[in-house]
Structure formats: structure tokens, C-alpha cells
Amino acid sequence: MRNMRWHMLAICAGAAMWAILSGSFSLAEPPAEPVKVGLEKVTVAVCDVVEVFNNYKSAVDLNGKLEQRQRQIEEESKARLKAIEAKRMELESYKRGSDQYERTLTEMQRMAIDRKGWLELEKAKALRWHGLQSQKMYEEILQTIGRVARRRGAQVVLYRESRTVRSEATVDLIREIERRKVLYWDSRLDITADVLTAINQEYESRSQ
């Protein structure tokens with residue numbers, strides 16, 4: 001009889017434990033209602049910033065100015081190199097070891113050193129100027145994206161890359177995939193064209 005009682009208690013205990021685990025019986029408080037935090041609805045848009053940057057008329061003009069400056073530097077460099085070559089030819093007319101030879105050699109070496117330092121400095125200045133101007137344009141693009149997004153009723157804008165993944169090596173392909181920020185977007189969410197139109201119109205109005 002005693003064994004029977006213990007057997008029944010074990011069955012009841014097992015049933016109670018099963019009820020707790022299965023959710024049909026619980027000693028805990030019922031789950032609370034979910035709390036709504038922040039905006040109930042967030043509208044998201046996407047924009048290809050690289051496409052906007054590449055087709056921004058200000059960026060096109062900036063690249064043209066950089067190329068023009070690079071040509072000027074190259075022309076000046078060639079002129080200095082020509083002067084150094086002329087000095088070398090002059091050096092050949094003097095007797096090696098003479099005072100005139102040594103003075104001319106020193107002058108030629110100084111010209112070569114000056115040309116090299118000048119060339120590196122001018123290239124660095126041109127690239128630094130281009131970088132500062134590019135930063136300003138990027139800020140302009142961000143401001144335009146904000147205005148277009150607000151007009152379209154979007155609270156968040158994500159950067160989207162091109163749908164095409166270009167890579168020949170598998171390792172490079174995986175790395176490019178890992179860098180992807182947006183995997184899918186509805187074309188109606190893409191504000192790239194609107195941003196590009198708006199920022200080019202603003203640039204043309206300033207240029208008039």
C-alpha cells in the first residue's frame with residue numbers, strides 16, 4: 001500500500017512538472033504587454049551616395065580643376081628639368097675638378113633637389129585641396145539627402161551599393177559581400193535620382 005502511495009505521488013509530481021514545462025500550468029506571473037518604444041512606424045529610404053558623388057556637377061568641375069592643376073605642375077616640372085639638363089651640359093664644358101666645375105655641379109645638384117622637393121610639395125597641396133573640397137561636397141550631399149528624405153517622409157536613409165557584385169576571386173567576392181549594408185530595397189524607396197537632381201539644381205543656381 002505504501003509503495004502504491006509513493007507511486008501515485010511520483011505520477012502527480014511528474015504531471016505537474018510537465019504542465020509547467022508545457023505552459024498549461026505556471027507558477028509565474030503572466031507575461032506583460034509589450035512596451036512600445038519610440039516611433040510606431042519608421043519609413044526608410046535608400047541612396048547610392050557614390051552615384052550621386054560621381055554625377056554631382058560640382059564634383060565633375062572639381063576633378064577638372066584638379067587635372068588642370070596637375071598639368072600645370074607637370075609643365076613646371078618639365079621646365080625645371082630642362083633647366084637642370086642645360087646646367088648639366090654647361091658642366092661638361094668645364095674641366096673636372098676646377099672651381100667653375102665644382103660651383104656649377106653644386107648649383108645643378110641644388111636645382112635637382114629643389115625640383116624634387118617642390119614637385120612633392122605641389123602634388124601634396126593639390127591632393128589636400130581636392131580632399132577638403134570633396135569633404136565639403138560630401139556634407140552638401142548629406143544635407144540634400146536630408147531635405148529629400150523629409151520631403152518623402154523618410155526618417156532613416158541607408159547607403160545602398162550597386163546590385164552588381166564585381167569580383168573575380170572568391171575571397172574578394174566574400175569581402176565585398178560582407179561590406180554590403182542593404183541587401184534588398186524596393187525601387188520606390190530609392191531617392192538617389194531625386195537627390196542628384198536637387199543637388200545639381202542647387203549647384204547650377206549658385207553658379208549663375
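No lab work stands behind these numbers, since they all come straight from the coordinates. Values in this document were obtained by computation on a predicted structure and should not be read as measured data. So basically every Cβ, Gly included, is an ideal-geometry build from the backbone, and we count neighbours across all protein chains shown.
The table below gives the values:
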quantity: Count - residues of the stretch 46-101 that are touching a Lys or Arg at 6+ places or on another chain (Cβ under 6 Å) and not in a helix (DSSP H, G or I); calculated: 2
quantity: Test: residue in the stretch 151-165 that is under 23 Å from Ala45 (Cβ atoms) and part of a helix (DSSP H, G or I); calculated: yes
quantity: Those residues of the stretch 110-141 which are closer than 30 Å to Val195 by Cα and either surrounded by 14 or more Cβ atoms within 10 Å (Cβ to Cβ) or touching a Phe, Trp or Tyr at 6+ places or on another chain (Cβ under 9 Å) (or both), in sequence order; calculated: Ala126, Trp129, His130, Gln133, Ser134, Met137, Tyr138, Glu140, Ile141
